[in-house]
1. Does Ala17 fit the bill of being out of contact with any His (no Cβ under 7 Å at 6 or more places or on another chain) and surrounded by 20 or more Cβ atoms within 10 Å (Cβ to Cβ)?
2. Report yes if some residue within the stretch 40-51 is closer than 29 Å to Gly19 by Cβ, among the hydroxyl-bearing types (Ser, Thr, Tyr) and surrounded by 15 or more Cβ atoms within 10 Å (Cβ to Cβ); otherwise report no.
3. I'm trying to understand the selection: among the residues of the stretch 32-75, which are of a type in the set (Phe, Trp, Tyr) and either farther than 20 Å from Asp87 by Cα or over 14 Å from the mean Cα position of the chain (by Cα) (or both)?
4. Which residue pairs have Cβ atoms under 8 Å apart, sit 6 or more places apart or on different chains, and have a first residue in the stretch 43-58 that is of a type in the set (Val, Ile, Thr) and a second that is surrounded by 14 or more Cβ atoms within 10 Å (Cβ to Cβ) and outside any helix (DSSP H, G or I)?
5. Evaluate the following for Val98: is it buried (at least 17 other Cβ atoms within 10 Å of the Cβ) and under 27 Å from Phe14 (Cα atoms)?
6. Before we move on, is Asp15 modelled with pLDDT of 95 or more and over 15 Å from the mean Cα position of the chain (by Cα)?
7. Are any of the residues in the stretch 66-85 buried (at least 16 other Cβ atoms within 10 Å of the Cβ) and without any contact (Cβ under 8 Å) to a residue 12 or more places away in the chain?
8. Pairs, please: C-beta under 6 Å, at least 6 apart or cross-chain, first residue modelled with pLDDT under 95 and in the stretch 89-104, second part of a strand (DSSP E or B) and of a type outside the set (D, E, K, R)?
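The values are calculated or read from the model by the stated rules, or taken from the named source; none is laboratory data. Keep in mind that this is a model prediction, so the values were computed, not measured. Don't worry about glycine lacking a Cβ; one is built from the backbone with ideal geometry, like all the others, and counts go over all protein chains shown.
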Amino acid sequence: MKIKTIDITAKQWFDKANGNSYFSAQVTLDFGMKTQKIFRLPYQYGYGNHYTQIAKEELNKRFKLNIPDIMALWRYCQDHKIILRTDKHENCLKKDVVNYGWNI
């Protein structure tokens, strides 16, 4: 499978009481094309752009991309001429982040 685009949209919730961040995300391959595929990353601990690392791990598992552990997803996409778009919505409600991670 030759992937043309990877779109990752994440939602993040910050647990003020414990000082931890959590996210869930939706990953869309080949957005708007006949080959489009979507999967979700469930609610889990992580901050910053950790959601892109988890997306990379899932891409390796689901689509056998063999992206090396030490290589960032953006670098892999750049080297393989794949369009990568990421978007993170911060300060979301916990219930919205949990629900966003449910599988389609």
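1. Working: out of contact with any His (no Cβ under 7 Å at 6 or more places or on another chain): yes; surrounded by 20 or more Cβ atoms within 10 Å (Cβ to Cβ): no.
No: the conditions fail for Ala17.
2. As a first pass, look at the stretch 40-51 and keep what is closer than 29 Å to Gly19 by Cβ: 40-51.
Now drop any that are not among the hydroxyl-bearing types (Ser, Thr, Tyr), which leaves 43, 45, 47, 51.
Next, only the ones that are surrounded by 15 or more Cβ atoms within 10 Å (Cβ to Cβ) stay: 43, 51.
Scanning the stretch 40-51, I find at least one residue that is closer than 29 Å to Gly19 by Cβ, among the hydroxyl-bearing types (Ser, Thr, Tyr) and surrounded by 15 or more Cβ atoms within 10 Å (Cβ to Cβ), so the answer is yes.
3. Within the stretch 32-75, the first condition is being of a type in the set (Phe, Trp, Tyr), and the residues that meet it are 39, 43, 45, 47, 51, 63, 74.
The one that is of a type in the set (Phe, Trp, Tyr) and either farther than 20 Å from Asp87 by Cα or over 14 Å from the mean Cα position of the chain (by Cα) (or both): Phe63.
4. From the stretch 43-58, the pairs are Thr52/Ile8; Thr52/Ala72; Thr52/Thr86; Ile54/Ala25; Ile54/Leu41; Ile54/Gln44; Ile54/Gly46.
5. no
6. Values: modelled with pLDDT of 95 or more: yes; over 15 Å from the mean Cα position of the chain (by Cα): yes.
Answer is yes for this residue.
7. Taking the stretch 66-85 first, the residues buried (at least 16 other Cβ atoms within 10 Å of the Cβ) are 67, 73, 76-77, 82, 84.
Of the ones still in play, those that are also without any contact (Cβ under 8 Å) to a residue 12 or more places away in the chain are 67.
Within the stretch 66-85, one or more residues are buried (at least 16 other Cβ atoms within 10 Å of the Cβ) and without any contact (Cβ under 8 Å) to a residue 12 or more places away in the chain.
8. Short answer, once both residue conditions are applied: Gly101/Ser24; Gly101/Pro42; Gly101/Tyr43; Ile104/Ile38.
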